[in-house]
């Protein structure tokens with residue numbers, strides 16, 4: 001089974017497949033081309049040799065589901081991805097049209113090439129490569145490609161709950177997001193969850209003159225500021241009762257994994273755009289992987305235009321997001337947040353805008369190391385393991401609802417500019433992603449179901 005040779009011989013064909021997919025719009029937020037793209041993905045899966053392919057409807061955009069069953073005794077791998085993309089705006093900042101894929105300096109530029117069509121298609125083409133070189137896949141494989149990831153995967157939890165028996169697997173494999181800024185691949189074992197809330201304070205029925213009604217009319221902006229000050233101290237600790245109750249302490253193995261990860265303070269400062277950042281590697285990864293956040297995303301009240309306008313505003317609004325770590329329940333955190341607000345500022349209204357649960361797979365499962373080794377062989381670079389991503393993905397549907405380990409191996413380059421103009425994917429990463437999925441399939445197939453979930457307590 002010479003995967004590399006087959007991929008090399010079919011490079012042009014595989015690239016054309018990707019370009020066809022990229023030309024098809026699938027902007028979920030605008031319902032632009034989504035269903036046509038789902039049909040295109042169905043065709044690609046059938047071309048790959050997958051025997052069972054279907055479209056499953058949700059309340060909004062459909063899920064493309066496929067499976068190839070080879071043996072009741074073989075392990076089952078579920079591959080997740082998404083075919084929807086972000087809107088391309090602002091169009092004037094693109095150097096080439098977002099839905100006309102273009103190669104410049106070894107990179108493919110197009111909306112969705114990194115997030116997630118290029119990485120998703122690499123999984124499909126891996127199955128095609130394996131079947132072409134070996135005659136059949138080495139293990140049972142199921143594919144779940146959704147069309148709503150870019151709008152919060154709102155129907156995915158219900159889909160997984162409804163189809164738990166159909167989706168039963170031994171582990172879930174996802175390729176999404178960028179590699180480390182050093183260019184090294186890594187295996188992600190979890191994601192932070194998120195709670196998004198809105199606070200609204202009301203003063204008078206209308207704006208008032210800040211002199212004529214000063215000290216008379218109430219200012220709702222100050223009400224919200226005082227409430228926020230009651231929620232967080234000067235050191236950044238969150239003062240809401242019970243907020244930290246379910247936060248887990250990292251295990252010894254997780255600490256070892258963090259120590260191995262690369263870290264460059266100057267690079268971090270450049271990425272964030274703040275030369276004042278002063279963190280050790282241990283503090284950086286602890287804050288990123290194991291600590292929740294408490295962020296003010298927006299604050300609006302009164303006048304913020306040019307010049308002066310002396311008013312006492314009648315309304316104030318704050319939007320906040322909290323990134324939650326493993327074992328924190330967004331619904332419970334919202335109730336605690338709401339109770340705190342009710343105690344300190346009962347006339348301020350609190351609304352939940354959105355929520356997503358956190359997720360974490362234990363680092364001690366043998367499948368984690370198996371995937372890491374396969375990735376390292378494929379990309380020919382040191383591959384690390386990171387216990388959690390700072391951001392949020394719907395990974396909890398696999399670990400919490402389906403109840404299986406889930407690993408994420410990003411194939412995109414660190415500067416992929418996903419969600420931004422000039423989104424891109426290094427061409428070589430696309431081909432190595434195909435190879436990597438082949439190697440993961442091969443390695444996992446050589447283990448029994450029990451061996452996949454064997455525990456280890458130290459690094460190899």
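Could you tell me whether residue 382 is touching a helix residue (DSSP H, G or I) at 6+ places or on another chain (Cβ under 8 Å), assigned by TED's automatic domain parsing to the domain that holds residue 337 and surrounded by fewer than 24 Cβ atoms within 10 Å (Cβ to Cβ)?
Working: touching a helix residue (DSSP H, G or I) at 6+ places or on another chain (Cβ under 8 Å): yes; assigned by TED's automatic domain parsing to the domain that holds residue 337: no; surrounded by fewer than 24 Cβ atoms within 10 Å (Cβ to Cβ): yes.
Considered against the rule, which asks whether it is touching a helix residue (DSSP H, G or I) at 6+ places or on another chain (Cβ under 8 Å), assigned by TED's automatic domain parsing to the domain that holds residue 337 and surrounded by fewer than 24 Cβ atoms within 10 Å (Cβ to Cβ), residue 382 comes out as no.
When the test is whether a residue is in a helix (DSSP H, G or I), in contact (Cβ under 8 Å) with a residue 12 or more places away in the chain and within 27 Å of residue 284 (Cα to Cα), residue 376 passes it.
Which members of segment 154-165 meet the condition of being surrounded by 13 or more Cβ atoms within 10 Å (Cβ to Cβ) and out of contact with any helix residue (DSSP H, G or I) (no Cβ under 7 Å at 6 or more places or on another chain)? Explain how you work it out, then say what you get.
Residues of segment 154-165 that are surrounded by 13 or more Cβ atoms within 10 Å (Cβ to Cβ), as a first pass: 154-160, 162-163.
Of everything in segment 154-165, those that are surrounded by 13 or more Cβ atoms within 10 Å (Cβ to Cβ) and out of contact with any helix residue (DSSP H, G or I) (no Cβ under 7 Å at 6 or more places or on another chain) turn out to be 154, 155, 158, 159, 162, 163.
Evaluation of residue 396 against the conditions (1) surrounded by fewer than 22 Cβ atoms within 10 Å (Cβ to Cβ); (2) more than 21 Å from residue 185 (Cβ to Cβ) shows that the sole unmet condition is (1).
Taking the listed residues 237, 215, the one that is surrounded by fewer than 13 Cβ atoms within 10 Å (Cβ to Cβ) and closer than 28 Å to residue 360 by Cα is 237, with no other qualifying.
Among the residues of segment 385-405, is there at least one that is within 28 Å of residue 133 (Cα to Cα) and in contact (Cβ under 8 Å) with a residue 60 or more places away in the chain? Even if it seems obvious, please write down each step before you answer.
The initial filter retains those residues of segment 385-405 that are within 28 Å of residue 133 (Cα to Cα), namely none.
Within segment 385-405, not a single residue is within 28 Å of residue 133 (Cα to Cα) and in contact (Cβ under 8 Å) with a residue 60 or more places away in the chain.
Among the numbered conditions (1) touching a residue at least 24 places away in the same chain (Cβ under 8 Å); (2) in contact with a strand residue (DSSP E or B) (Cβ under 7 Å, 6 or more places away or on another chain), the only one that residue 327 does not meet is (2).
Pick out the one residue from 429, 418 that is closer than 27 Å to residue 109 by Cβ and either modelled with pLDDT under 95 or not in a helix (DSSP H, G or I) (or both).
On the way: 429 fails: either modelled with pLDDT under 95 or not in a helix (DSSP H, G or I) (or both).
Only one candidate passes the filter, namely 418.
So which strands (runs of 3 or more DSSP E) are wholly in segment 52-156 and hold at least 1 residues that are out of contact with any strand residue (DSSP E or B) (no Cβ under 8 Å at 6 or more places or on another chain) and in the same structural domain as residue 435 (by TED's automatic domain parsing)? Spell out how you get there, then give the answer.
Values: elements: 52-56, 63-68, 76-82, 102-104, 107-109, 140-146.
Of the strands (runs of 3 or more DSSP E) lying wholly inside segment 52-156, those with at least 1 residues that are out of contact with any strand residue (DSSP E or B) (no Cβ under 8 Å at 6 or more places or on another chain) and in the same structural domain as residue 435 (by TED's automatic domain parsing) span 102-104.
The values are calculated or read from the model by the stated rules, or taken from the named source; none is laboratory data. Keep in mind that what you see is a predicted model, and the values were worked out from it rather than measured. For neighbour counting, all protein chains shown are included, and Cβ atoms are generated from backbone atoms with ideal geometry for every residue, glycine included.
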